[in-house]
Amino acid sequence: AGLRRASGPAGSAGCLDFDFGRVTGYVALRRKLPIDFPARYDIAFDVRGEMPPNALQIKFSDVSGDNVWWAQRPEYRPPAEWQRFRVRQRQIDFAWGPTTDRVLRRTEWVEFVIASGSGGGKGSVCFDRLTLRELPPAPPAAPVPIVRASSARAGHAPFAGLVGPLDAAPAP
């Protein structure tokens, strides 16, 4: 395995070159990057490369290094041209560690990992422009839907297929 720099969409990208040969394993690009996560967020980065199907993982570990959160994409094949890859908050899970607080609040390290999958083999994957975007607070509850009908067939009431009270439905 090796690390190298390459031109990326936002300057200099980091690339992982690897050859698993006939064994299973993983390669990682790791960087110290302290992050305080907001209550709601998503993460994105640019990626390109060439490899057979293998697992792409992005990992976050705390200052101790013992607690790890991750997002995984098994059997991933990177695009040949730069493409934005988005990770939603709900796709990041607590992976392992002794903490009882499983919520990702603060991390010290970020890792991009390629773990051998069905493809194994050799390849190269480049990463650039990692971003964390704070999202607005979630609405307190889903809004109540409004149902209207402009006509109905004889013998078929317009709201007959709905379950629940209809007293909240306004007249057309």
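The values are calculated or read from the model by the stated rules, or taken from the named source; none is laboratory data. All figures in this text were calculated on a predicted structure; none of them were measured in a lab. Cβ: placed from backbone, ideal geometry, glycine included. Neighbour counts: every protein chain shown.
General observations
- Cβ separations smaller than 7 Å between residues 6+ apart or across chains give the following pairs from the stretch 34-53 residues that are in contact (Cβ under 8 Å) with a residue 40 or more places away in the chain to residues that are of a type in the set (Phe, Trp, Tyr) and in a loop (DSSP other than H, G, I, E, B): Asp46/Trp82; Arg48/Trp82.
- All positions within the stretch 58-87 that are touching a Leu at 6+ places or on another chain (Cβ under 6 Å) and of a type in the set (Phe, Trp, Tyr): Trp69, Tyr76
- 2 or more residues more than 20 Å from the chain's Cα centre (by Cα), surrounded by 12 or more Cβ atoms within 10 Å (Cβ to Cβ) and among the hydrophobic types (A, V, I, L, M, F, W, C): qualifying strands (runs of 3 or more DSSP E) within the stretch 1-116: 2-8
- Residue count, the stretch 98-127 (criterion: of a type outside the set (A, V, I, L, M, F, W, C), under 26 Å from Ser64 (Cα atoms) and touching a residue at least 12 places away in the same chain (Cβ under 8 Å)): 7
- Check on Val110, at pLDDT 95 or above and β-branched (Val, Ile, Thr): yes
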